1. Which of the residues belonging to segment 33-51 are on the phi < 0 side of the Ramachandran plot and open to solvent by 20 Å² or more (accessible area, probe 1.4 Å)?
2. Given (1) touching a Pro at 6+ places or on another chain (Cβ under 6 Å); (2) open to solvent by less than 30 Å² (accessible area, probe 1.4 Å), where does L2 come up short, assuming only one miss?
3. Have a look at E88, E66 and point out the one that is surrounded by fewer than 16 Cβ atoms within 10 Å (Cβ to Cβ) and among the charged types (D, E, K, R).
4. Write out, first by first residue and then by second, each pair whose Cβ atoms fall under 8 Å of each other, whose residues are 6+ apart or on separate chains, and whose first residue, in segment 55-78, is under 18 Å from A13 (Cα atoms) while the second is of a type in the set (V, I, T) and surrounded by fewer than 19 Cβ atoms within 10 Å (Cβ to Cβ).
5. Do you know which of the residues in segment 131-166 that are aliphatic (A, V, I, L, M), modelled with pLDDT of 95 or more and outside any helix (DSSP H, G or I) is nearest to the chain's Cα centre (by Cα)?
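The values are calculated or read from the model by the stated rules, or taken from the named source; none is laboratory data. Just so it is clear, the model here is predicted, and its values are computed rather than measured. Cβ coordinates were reconstructed from backbone atoms using ideal geometry, including for glycine residues, and neighbour counts include every protein chain displayed. For the accessible areas, the whole protein counts, side chains as well, though only heavy atoms, and no ligand, DNA or RNA atoms are used. Shrake-Rupley method; radii C 1.70, N 1.55, O 1.52, S 1.80 Å.
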Amino acid sequence: MLCEPFLTTRPEAGWDIPLLVWRAETPLLAVGSAPLGGGIGVRGWVLNATVPMSYDRDDPAAHLAELAHGLGLDGPGVGLLTGVDVTEVVSRTDGGVRVWATVGLGTPVWAAAPEPAPPAVPEPAPPAQRVGTVNIVAYVPQRLGDAALVNAVATATEAKAQAIWELGLPATGTPTDAVTVLCPADGDPAPYGGPRSTWGAPLARAVHAAVRSGGAGTVVPWSDRRAC
């Protein structure tokens, strides 16, 4: 079981910056695209850390490992970063599947956007963009086979894209979205994770509901709110 996250803060650059931390009662099998602990493997915790919009570190995995060490998180885990204030996490449950999402849609993009043509003359730097990261953490209560784990990531991503489209944005996501799906490491594995499968269907509904709810309002980057 993945427990409800607890909220804490870390001191950094003179600020107390929020973090969400999930601990597993026993190590879980995870699949995902997180900077720290991505891929497929057994993980014991998940960390979703707010960062200011001025964030410029080029070693996010190392940074997340430092944060985890400071929180006493031992062993392998999953680490995510976002400009969203993680206190605004949205949670949804459907058919035993649990989903948490931090939703920033300030930089919406189509996944298959055409490659931009090189400018004829140098252009000025673009203005600072609003926070644009959707981080999704999901727990499925039955062990998923490896193929089902991969399919579950696709299902969650499709459900996210559906919610974004229903919110009126011409986009499938943002350039920095991440998703992590966790399940028990033991037991008879479910073979499928698609949107009409036993666990993929409630996963899709829960992700869709969380992203649609979290994206319905204007999300102000944590650092902009902190500067006010």
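1. S33, P35, L36, G38, I40, V42, R43, G44
2. Status for L2: all satisfied but (1).
3. Numbers: E88 fails: surrounded by fewer than 16 Cβ atoms within 10 Å (Cβ to Cβ).
Of E88, E66, the one residue that is surrounded by fewer than 16 Cβ atoms within 10 Å (Cβ to Cβ) and among the charged types (D, E, K, R) is E66.
4. L71/T8
5. Checked segment 131-166; the qualifying residue nearest to the chain's Cα centre (by Cα) is I136.
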